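Single-structure report; data block below.
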Amino acid sequence: MGAASRDLSGPPPAPPASGRGARGESAGIDSGVLVTRRWFDDRAPRTIRMNYANRARLLNLRWGFAIGVALLVALSFLFWPLAIVLVFALVFGPKLRAQLRVVSTNWLDGFDQAA
């Protein structure tokens, strides 16, 4: 008869994985693993298993980062020409970015040792 007479009594097909290809797995603070990236880890990509202590350290870092951004926004209103210079120094300074990446790599090494 054709395609119109297919049996539709079975379960519908599973929907495709959303946004992450076929894996569909998540990684981050709220999951059991953290996958590092090259822009903040010299030894990337590596997978770090998260335990309670590591998750608490990352959540504290999240709060510290939020407070730091809020302070930078407040100070940029007071000293706006200096804020522009600071942004350009951070974005275009390869030595400063390399030093920050080394510091974050050493900090992430502490996660590997604690796990």
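The values are calculated or read from the model by the stated rules, or taken from the named source; none is laboratory data. Just so you know, these numbers come straight off a predicted model, no measurement behind them. Cβ atoms come from the backbone with ideal geometry, glycine included; neighbour counts cover every protein chain shown. Ligands, DNA and RNA are stripped out before the accessible areas are found, and what is left, the full protein with its side chains, is counted by its heavy atoms. Shrake-Rupley method; radii C 1.70, N 1.55, O 1.52, S 1.80 Å.
Structural remarks
- Subset of segment 35-86 that is basic (Lys, Arg) and surrounded by 12 or more Cβ atoms within 10 Å (Cβ to Cβ) - its residue that is nearest to Arg101 (Cα to Cα): Arg46
- Once segment 91-104 is narrowed to residues that are among the hydrophobic types (A, V, I, L, M, F, W, C) and open to solvent by 80 Å² or more (accessible area, probe 1.4 Å), the residue that is nearest to Arg46 (Cα to Cα) is Val103.
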